[in-house]
Amino acid sequence: MRKILFTLFLLGFTFSNAQAPEKWSSSDIYSEIQKLNFLGSVLYVAAHPDDENTRLISHFSNEVNARTAYLSLTRGDGGQNLVGPELREQLGMIRTQELLAARKIDGGEQFFTRANDFGYSKTPSETLEIWNKNEVLSDVVWIIRRFRPDVIINRFDHRTPGSTHGHHTSSAMLSLEAFEMAGDANKFQDQLELVGTYDPKRLFFNTSPWFYGGTEAFEEADKSRFLTFDTGTYFPMKGLSNPEIASLSRSQHKSQGFGSTGSRGKQMEYIELIKGEMPTDEANIFDGIDTSWNRIQGGKEIGSILTKVQENFDFEDPSKSLPELLKAYHLIQDLQDKHWREIKTRQIKDIIYASSGLYLEAIADRASVTPSEEVNIKLEAINRSAAQVKLISVELVPNNTKTELAENLDNNSSWNENLEFQLPENADFTNPYWLKSEGSIGMYKVDDQNLRGLPQTPLQNKAIFKLEINGEPITFEKPILYKFNDPVSGETYEGFKVIPKAELNLHEDILVFNSSESKTSEITIQANQADLSGTLKLNSEKDWSIKPNEFKVNIAQKGGAQTFKFSIFPPEGQSEITLNPVLETENNRFDQNVVSIDYDYIPGQNLIQKAKLELVKLDIKKKGEIVGYIAGAGDVVPEAIRQMGYKVDMLNPSTINVNSLKKYDAIVLGIRAFNIIEDLKFQKKQLFKYVEDGGNLIVQYNTNRGLVTGQIAPFNLQLSRDRVTNENAEVGFNLPEHELLNSPNKLGSSDFENWVQERGLYFANSWSAEFEAPLYMNDPNEVPSSGSLLVARYGKGYYIYTGLSFFRQFPEAVPGAYRLFANMISLGK
């Protein structure tokens, strides 16, 4: 996988390693003490990663000191990826981590529902039908009951269905319903075994001039139910303004290309009251809500202690606050209010840990292990303060390996010990909890109610350090990690992962056959244990033949591998099957592979899934032999073109010229190429000349905003945001005799069956007379659009623009997408 190297300097930290433990400065400790002294919560609600207003989240977290969270109904699985080829579930994993990175910066927490981002939706009615409205609504109610916000803020307006993305409006509609339901004991009663009912106080809509169509209309709007406040605060202890923090947070959405430049000065925000009582103090969203420690029974004394801690905080020696912090910690353990007891216990433990200069670490001697395997764990504990710290015990979980110590940790004297840690045979693999069971197009399947809403799988492998600080018992949990020294980056951390004892790694995801000739493929068995032996079986169906279809596997060493070649013989007619290999050993059956997602700006991710190879026999013909491809945002189209039988050369756009392009039967531009490749501003002339001289140029979709040039075609061509989101929408032929629809493959309605997620996006909506539009299509109750596929003769060659989402169809082996693309490459030959 590709590595994206960057260094982010923020609040005294260098985040060059996404897994590294956080280390707070005195300023950070003081900021957390301020938050410890505030008992109020805000929940921000929207549909996707990137919908959140990071200025508001940072404002409430860092200026107001409220506990602040963002509920994104989806993980952004249906979007595009600007950093690599991952789509769908794997993109959702990336965007989950991007949101967690954003929250680390702006100070918020992160939640999700089980809703799957199935792609753009034009209406909330369609959205809520595909999502299963009741299940997503139950998740929103669950998160409100768990998080217990005083205030909920919706990013979108529930009153404007059809004016924006259906997911957007749905998020507001569901939030509004959940606001009323969370306090009703008759709603989602099964949750009440785990959590109580709860009534939020106020619900707002985070409005702006954008929602009114411009500044003039916004200025004339009735603002009697608006709260207006400035979020442009400058934080001297951070050396950053609130908008600067917000831009750093937003810039974590790297897979969406949302890098943001910070600003300084006033930044006004507007929220409109939808439910609840209007605050008397319009500058205070918590007006009338007690956000002090007096809010809870037994809190007054705690508040008094912590007020003194805040007033007397010593930035040069935070450990001076420890006696009072420990006194407050002890009192917090006696609180009757379970909700605030748990929240404030977590907060004050982090503050005590940082104030005492404690450093606790558990490092495995390797990055991954298998169930029942034994691993050495190096433990470290150090106290860097004058406090009396005693290490009582360390326990490793799961399997509860424990060492009893009663070891005094003298100031700045490190304690180290090694423990052998054996994972249980039934240890869970390191895998996203929402991907462990197969879901539907619109919903992930999560049976465990306690997991619903969580951003990621709870910590499974950890070390529990039991200490006494100045005689007060206190426990800290630390993740088991893997650490090594990188020659360039230095100290580098990785997550500690539990993986299967054997991996079945096919060398392709999909194989396309356009004739009856066989193809050779390979599979590698990776042994994650010693002495792996068994039989690998490759069973086929539907007249497909695999030879050989069985192999004996014998791998002596852990980490070893065996690769096997096999031939695949397709049937005569068009056919599609999924090949699922299985390794059978004496005691086990293995059928999984491990997909690693590795980018430097987020923690490494593992996806453990069933090994499979999609086999597709197409009735497909082609003309031409060699294609040049200029990569845009990450996609798999080049490999799909190879599967059709073409030779594909990846081209550097900065070095292309008319002479170098002459040999290609077609030049294909990757998705968003005109959005992200600056060289095309100048090199478009070379491409258009190639067409004029007889070439065939295929331009896949570009967004209509952010083009590097206003001229993406040799004739007038204007892009829009038009799209057809229903993947089953009827496709009609404007020009049934057009060469694109007939040669070398004669296309029909069956070629547009079984498409996935959408027909296409960013269609053209205005073009010159030189263009022909062979297709038309539309979503329900909309006027047909012909801008999905346009072709123009220019000189001796052809220019094609297509908004059809081939980049989604090819990984899913949609036959008609291959046949149409082959016709596009073959045009004019």
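The values are calculated or read from the model by the stated rules, or taken from the named source; none is laboratory data. Since the structure is predicted, the reported quantities are computational estimates derived from the model, not experimental observations. Positions of Cβ are generated from backbone atoms using ideal geometry, with glycine treated the same way; all protein chains shown enter the neighbour counts.
Scanning region 226-249 for residues that are touching a helix residue (DSSP H, G or I) at 6+ places or on another chain (Cβ under 8 Å), among the small types (Gly, Ala, Ser) and in a loop (DSSP other than H, G, I, E, B) gives a single hit, 232. Collect the residues in region 320-355 that are under 16 Å from residue 465 (Cβ atoms) and without any contact (Cβ under 8 Å) to a residue 12 or more places away in the chain, keeping them in residue-number order. Residue satisfying the conditions is 346 alone. Within region 231-276, the residues that satisfy the criterion of being modelled with pLDDT of 95 or more and acidic (Asp, Glu) are 244, 272. Sort through 398, 432, 424 and tell me the only one that's in contact (Cβ under 8 Å) with a residue 40 or more places away in the chain and touching a strand residue (DSSP E or B) at 6+ places or on another chain (Cβ under 8 Å). After ruling out the rest, the residue left standing is 432. Taking the condition buried (at least 19 other Cβ atoms within 10 Å of the Cβ), within 18 Å of residue 151 (Cβ to Cβ), at pLDDT 95 or above and out of contact with any Lys or Arg (no Cβ under 6 Å at 6 or more places or on another chain), does residue 302 pass? Answer is no for this residue. Taking region 374-403 as the range and being surrounded by fewer than 20 Cβ atoms within 10 Å (Cβ to Cβ) and under 31 Å from the mean Cα position of the chain (by Cα) as the test, the residues that pass are 397, 398.
Within region 645-655, if we keep just the residues that are out of contact with any Pro (no Cβ under 8 Å at 6 or more places or on another chain) and within 21 Å of residue 635 (Cα to Cα), the residue that is modelled with the lowest pLDDT turns out to be 645. When region 359-388 is filtered for residues that are at pLDDT 95 or above, assigned to a loop (DSSP other than H, G, I, E, B) and acidic (Asp, Glu), only 365 remains. With respect to (1) in contact with a Phe, Trp or Tyr (Cβ under 7 Å, 6 or more places away or on another chain); (2) in a strand (DSSP E or B); (3) surrounded by 14 or more Cβ atoms within 10 Å (Cβ to Cβ), the lone exception for residue 200 is condition (2).
Listed conditions (1) surrounded by 20 or more Cβ atoms within 10 Å (Cβ to Cβ); (2) farther than 19 Å from residue 703 by Cα; (3) of a type in the set (Lys, Arg) are all met by residue 663, apart from (1). Checking each residue in region 327-358 for being surrounded by fewer than 22 Cβ atoms within 10 Å (Cβ to Cβ), touching a Pro at 6+ places or on another chain (Cβ under 9 Å) and not in a helix (DSSP H, G or I) picks out only 357. Would you pick out the residues in region 161-211 that are farther than 16 Å from residue 139 by Cβ and small (Gly, Ala, Ser)? Answer for region 161-211, where residues must be farther than 16 Å from residue 139 by Cβ and small (Gly, Ala, Ser): 162, 163, 166, 183, 185, 196, 208.
Within region 489-512, the set of residues being part of a strand (DSSP E or B) and of a type in the set (Ser, Thr, Tyr) comprises 492, 493. Selection within region 204-226: residues that are hydrophobic (A, V, I, L, M, F, W, C) and surrounded by fewer than 16 Cβ atoms within 10 Å (Cβ to Cβ). The member of this set that is nearest to residue 171 (Cα to Cα) is 210. All conditions in (1) in contact with a strand residue (DSSP E or B) (Cβ under 8 Å, 6 or more places away or on another chain); (2) at pLDDT 95 or above hold for residue 704, with the sole exception of (2). Residues considered: 125, 121. Of these, the only one that is under 20 Å from the mean Cα position of the chain (by Cα) and either in contact (Cβ under 8 Å) with a residue 40 or more places away in the chain or buried (at least 23 other Cβ atoms within 10 Å of the Cβ) (or both) is 121. Within region 67-88, is even one residue assigned to a helix (DSSP H, G or I), touching a Gly at 6+ places or on another chain (Cβ under 6 Å) and either of a type in the set (Gly, Ala, Ser) or crowded, with 24+ Cβ neighbours inside 10 Å (or both)? Scanning region 67-88 turns up no residue that is assigned to a helix (DSSP H, G or I), touching a Gly at 6+ places or on another chain (Cβ under 6 Å) and either of a type in the set (Gly, Ala, Ser) or crowded, with 24+ Cβ neighbours inside 10 Å (or both).
With respect to residue 144, is the statement that it is in a helix (DSSP H, G or I), surrounded by 22 or more Cβ atoms within 10 Å (Cβ to Cβ) and of a type in the set (A, V, I, L, M) true? It is true that residue 144 is in a helix (DSSP H, G or I), surrounded by 22 or more Cβ atoms within 10 Å (Cβ to Cβ) and of a type in the set (A, V, I, L, M).
Just one residue in the set 734, 765, 778, 728 is more than 20 Å from residue 705 (Cβ to Cβ), in contact (Cβ under 8 Å) with a residue 40 or more places away in the chain, surrounded by fewer than 17 Cβ atoms within 10 Å (Cβ to Cβ) and of a type outside the set (A, V, I, L, M); that residue is 734. With respect to (1) more than 22 Å from residue 720 (Cβ to Cβ); (2) touching a strand residue (DSSP E or B) at 6+ places or on another chain (Cβ under 6 Å); (3) loosely packed, with under 15 Cβ neighbours inside 10 Å, the lone exception for residue 749 is condition (2). Taking (1) surrounded by fewer than 22 Cβ atoms within 10 Å (Cβ to Cβ); (2) touching a strand residue (DSSP E or B) at 6+ places or on another chain (Cβ under 7 Å); (3) of a type in the set (Phe, Trp, Tyr) in turn, residue 156 satisfies each apart from (1).
Only one of the listed residues (193, 180) is in contact with a strand residue (DSSP E or B) (Cβ under 9 Å, 6 or more places away or on another chain), surrounded by fewer than 19 Cβ atoms within 10 Å (Cβ to Cβ) and under 30 Å from residue 447 (Cβ atoms). That residue is 180. With respect to the conditions (1) at negative phi; (2) modelled with pLDDT of 95 or more; (3) crowded, with 17+ Cβ neighbours inside 10 Å, residue 493 lacks only one, and its number is (2).
When the residues of region 389-428 are filtered to those that are in a loop (DSSP other than H, G, I, E, B) and under 13 Å from residue 463 (Cβ atoms), the one that is modelled with the highest pLDDT is 398.
Scanning region 458-490 for residues that are modelled with pLDDT of 95 or more and β-branched (Val, Ile, Thr) returns 464, 469, 474, 475, 480. Looking only at residues of region 75-103 that are among the acidic types (Asp, Glu) and within 8 Å of the chain's Cα centre (by Cα), we find that the one that is nearest to residue 44 (Cα to Cα) is 98. Scanning region 33-62 for residues that are among the small types (Gly, Ala, Ser), part of a loop (DSSP other than H, G, I, E, B) and crowded, with 24+ Cβ neighbours inside 10 Å yields a single hit, 47.
Residues of region 437-457 that are modelled with pLDDT of 95 or more and either outside any loop (DSSP other than H, G, I, E, B) or among the charged types (D, E, K, R) (or both): 443, 445, 447, 448, 452.
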